[in-house]
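What follows is a short report on a single structure.
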Amino acid sequence: MLLRLLGLFQVPFFSSWIFSKDKIMEKVVIGIDVSKEKLDFCFQRTGEKILKECIVENTTCAIKSSLKNGLKEFSLTKPDVWLCAEYTGQYTYPLCCACEELGIDLWLENPAEIKQRSGVQRGKNDKLDARKIAAYALRFQDKARLFKLPGQNMASLKQLVSERDMYVSDKCKYQGQLTDQKRFMSKENYACKSRRLQRQIKELELSISEIE
């Protein structure tokens with residue numbers, strides 16, 4: 001369902017040449033590696049060392065909180081920052097919503113383009129991928145294109161992402177109970193509760209799958 005809302009990499013959804021060269025040079029880039037459960041952030045300014053790296057839960061609320069903290073930590077305003085991430089299908093939706101709500105520029109790039117232009121990389125993990133994306137964004141900033149959804153689609157997307165975030169949060173809560181309470185219950189009581197929680201988790205996973 002969510003996938004139908006995004007016509008990614010189609011010209012109408014992007015504005016080209018989003019910044020003048022002088023303005024780009026002043027900005028802080030946040031390279032983001034997106035996966036299903038989390039995002040790896042890499043804050044970097046042109047010509048400088050990495051400012052900050054962190055891991056963020058892949059929910060709209062967590063992403064917004066992390067971005068706000070980053071702006072405050074480095075005394076940045078929203079126009080001072082722009083984000084670059086690889087497009088990874090539905091996993092980018094919370095990021096799209098967070099950037100839209102905060103008014104922060106977002107550049108979603110084709111993963112194949114980043115891989116081709118980044119050359120051979122030694123080692124591979126999410127942290128290194130975030131660094132690679134930040135470096136790519138700084139090097140090829142003249143190719144940056146803002147991602148933007150039409151208003152009606154964005155409203156629908158926000159509603160679906162909000163619903164998905166709720167299910168993800170509930171799933172994490174139930175999964176936590178499966179491990180946290182095992183030591184404090186009899187085996188018989190825990191086995192009964194575990195079966196009930198597993199049913200709830202499966203239902204939540206089904207709801208998440210239907211949204212995605």
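Values quoted throughout were computed directly from the atomic coordinates according to the rules given, and no laboratory measurement underlies them. Computed from a prediction, not measured in an experiment: that's the story for all the values here. When we count neighbours, we look across all protein chains shown, and the Cβ atoms used for this are built from the backbone with ideal geometry, even at glycine.
Once fully extended, how much extra length lies between Glu210 and Ser156, figured as 0.36 nm per residue of separation less the alpha-carbon to alpha-carbon distance? Additional length available on full extension: 18.0 nm. Along its three principal directions, the equivalent ellipsoid of segment 151-211 from the Cα gyration tensor extends over semi-axes of 32, 10, 5 Å, largest first. For segment 72-134, compute Rh as the Kirkwood radius over C-alpha pairs and then the Stokes-Einstein diffusion coefficient at 10 °C and 1.306 mPa s; write the answer in µm²/s, rounded to an integer. Calculated translational D: 120 µm²/s.
Compute the relative contact order of segment 151-211 as a whole-number percentage, counting only Cα pairs closer than 8 Å that sit 6 or more residues apart in sequence. Working shown, then result.
On the way: 24 pairs, mean separation 31.4, N = 61.
About 51 percent, as a whole number.
What FRET efficiency comes out for the pair Arg199/Lys124, r = Cβ-Cβ distance, R0 = 41 Å, nearest 0.05? Let's see the in-between values first.
On the way: r = 37 Å, r/R0 = 0.91.
Using R0 = 41 Å, I get an efficiency of 0.65.
Peptide packing: for 177-190, 43-56, the average count of neighbouring Cβ atoms within 10 Å per residue gives the ranking 43-56, 177-190, highest mean first. Per-peptide packing, taken as the mean over residues of other Cβ atoms within 10 Å, places 165-172, 126-133 in the sequence 126-133, 165-172 from highest down.
Pairs spanning more than 20 Å between alpha-carbon atoms, out of Lys38/Lys148; Lys78/Lys132; Lys115/Lys143; Lys52/Lys132; Lys38/Lys64; Lys27/Lys124: Lys38/Lys148; Lys78/Lys132; Lys27/Lys124. Evaluate the distance, in nm, between pseudo-label points positioned 7 Å from the Cα of Thr77 and of Leu102 along their respective Cα→Cβ axes. Between Thr77 and Leu102, the label points sit 1.7 nm apart.
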